[in-house]
1. Lys/Arg Cβ at +1, Asp/Glu Cβ at -1, dipole of segment 439-583 taken about the Cα centre: which of ALA512, PHE462, GLN536 is farthest positive-ward?
2. Taking the Cα centroid of segment 296-325 and of segment 162-226, what is the distance between the two, rounded to the nearest whole Å?
3. Take the residue pairs LYS461/LYS571; LYS484/LYS563; LYS441/LYS461 and return only those whose Cα atoms are more than 23 Å apart.
4. Considering Cα pairs under 8 angstrom that are at least six residues apart, work out the relative contact order of the chain and quote it in whole percent.
5. Sort 435-446, 395-406, 101-112 by packing, meaning the average of other beta carbons within 10 Å per residue, with the highest value first.
6. Which is farthest toward the positive dipole end of the chain among PHE546, PRO312, GLN227, measuring Cα position about the Cα centre, with Cβ charges +1 (Lys, Arg) and -1 (Asp, Glu)?
7. So how do 172-178, 367-373 stack up, highest first, on mean other-Cβ count within 10 Å?
8. How many nm is it between the label spots at ASP75 and ARG326, if each spot is 7 Å from the Cα in line with the beta carbon?
Amino acid sequence: MLWGRPFHFWSFGLAWVSLAERMRATRFVSGRAARRLRVGVQSPFTLITRWGFAIPERLLIAPQDIRTSDPTIADDIYAGHFSLASRIVNTHGQSPFVIVPPSQEWEEALHGFGWLRHLRAADTALSRANGRALVEEWIDLFGSVDTGPGWTPAMASRRLIAWLSQSPLILENADRDFYRKLMKCLGWHGRYLQRAMSGVIADHDRLIVAMALMDLSLCAQGLDRLQKRALKWLTEELRRQILPDGGHIGRNPQVLVDLLVDLLPLRQAFVARGIAVPAQLIQSIDRMMPMLRMFRHADGSLALFNGMGNTPPDLVATVLAYDDARTQPIFNAPHSGYQRLEANGSIVIMETGSPPPVGFSHQAHAGCLSFEFSAGQSRLIVNCGAPRAGRPAFTEAARSTPAHSTLILSDSNSSRIVTGANVSRSLEGLIVAGPSQVPVKRISNEDGVSLEASHDGYQNKFGVLHHRRLTLAPDGSYLFGEDKLSLAGRHSSGTGEYVLRFHLHPSVQVQAYEDQRAVQLVAANGEAWLFHASGQTIAIDQSIFFAAPDGVRPTMQLVVSGKVQDLPEVKWALIRQSQLSMG
């Protein structure tokens, strides 16, 4: 029982979709095919001439790795224990690069070499020798080819950035032969990634590849031609992927963190080389910082929208420490599709956007008009969040509309996530349809600040629109909400059931009143809140919280349901208990 009823997955093969959805999917697949054809017709001579195998003369600088590190992990790695992507593997004396990986995510983390930072943090002769030996082992196994384990654009980019950042570790006391071997492999990475940028590469990988190439051109001597190309690609991808309000085009808060931990050192690398920092890079970072703060609750966690899972608080804090302007969070992000209300420690964050472009939708959720609410350090209403890597069944469930604190019609997703046995591999997991019109209005008056929004994600199937209004009191003591359905055109089915779900954070204790017309919520800090909904019965059902630091945890949800044909207008309120007259 996941959503209060036997759980099933929503499978949408292409045979199920509308003509408009087919056309959107076809345009995406055709675009990839066209790019593949353009690359295929180029002769080997043209490719080799254009992307020459330039070996760097030497390394001049090493970008700073601002990710947090743990020197105790260096001992584990020396002992052959690799804890990556929530899996621990004992290599039993074998090379970690030849054993069968326990998951794709573990393999990607291993070949990405981000774990080198732990060896550098240990700062011992043993850790330096171990790091150099593991890098040389990888080069001997895979460094002279660009296919097989470790050779995807994303993995190669991560590995290149890690080797450059940790070059002081792996090059200290290195002999001339190893130095030459490393320089040759760095050049091979540069050639491979340049070809990837000019070929068929996933949209969401293009920015990390551009950053890796830019890092290489700045860190190494003798790559002036690469520097010009990398700067062009970096500028183009930042312009395309970082929206005017600072959000990422894929709409995932986690992506902002992942990008900033590489963009901030890249900015400093320009300074270290005495090269003017590109305006697009400066502007992108300056916009991303307040957007990152927009997603942040008072306890330091980020709101759970569109692929966001457990927040690494130390990493977010590290990133925000580089915000020299100490910017305030933005409250209205129309390009990214988010809104924020804040009053006296109470925070509401609401999802008010359409799905991202198909090529960036692999992590997006069907959670339009969902929201999260926190008071002080306590989160009360949340979304279920994204699970850790390697849990495909959980990932599918987490992306569905029922995993969000919003209204659901007849167990249908508000966005069409393509899954199923007969689905093209290039479309698997992508969103090909969803809300296209999501008007939003902010209203301020003596009652507080209100958000009014609606979406048409259910219009084609049910002929109705979902409207939601949220009002946060000026003193943060109550949150009023109203959800309603309205007819849209002549296609209303007039049947089915609506369900309003309010997922609770696992730290919240819940107790229903005898008449089931109200529910008391007790936050982790002991503060009590009352929830009621237009005199309707409030059910308390089981739910799942995917984004806990220790993995998946059970939790509860509040459920208000009824018939679609009633065109409901459900008014509900969440009120701090001390504000009530309980007589």
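1. Result: PHE462, furthest along the dipole toward the positive end.
2. With segment 296-325 and segment 162-226 each reduced to a Cα centre, they are spaced 29 Å.
3. Working: LYS461/LYS571 25 Å; LYS484/LYS563 12 Å; LYS441/LYS461 26 Å.
Going by Cα-Cα distance, LYS461/LYS571; LYS441/LYS461 fall outside the 23 Å limit.
4. Details: 1158 pairs, mean separation 71.4, N = 583.
Relative contact order, the chain: 12 percent.
5. On the way: 435-446: 13.0, 395-406: 24.3, 101-112: 19.1.
Answer by packing, highest mean first, reads 395-406, 101-112, 435-446.
6. Sorting the options by dipole projection puts first GLN227.
7. Details: 172-178: 11.7, 367-373: 27.1.
Ranked by mean Cβ neighbours within 10 Å, highest first: 367-373, 172-178.
8. Rounded to a tenth, the inter-label distance reads 3.9 nm.
The values are calculated or read from the model by the stated rules, or taken from the named source; none is laboratory data. All values reported here derive from a predicted model rather than from experimental measurement. Here the Cβ is made from the backbone with ideal geometry for all residues, glycine too, and neighbour counts use every protein chain on show. All accessible areas refer to the heavy atoms of the entire protein, side chains included, with ligands and DNA or RNA removed. Shrake-Rupley method; radii C 1.70, N 1.55, O 1.52, S 1.80 Å.
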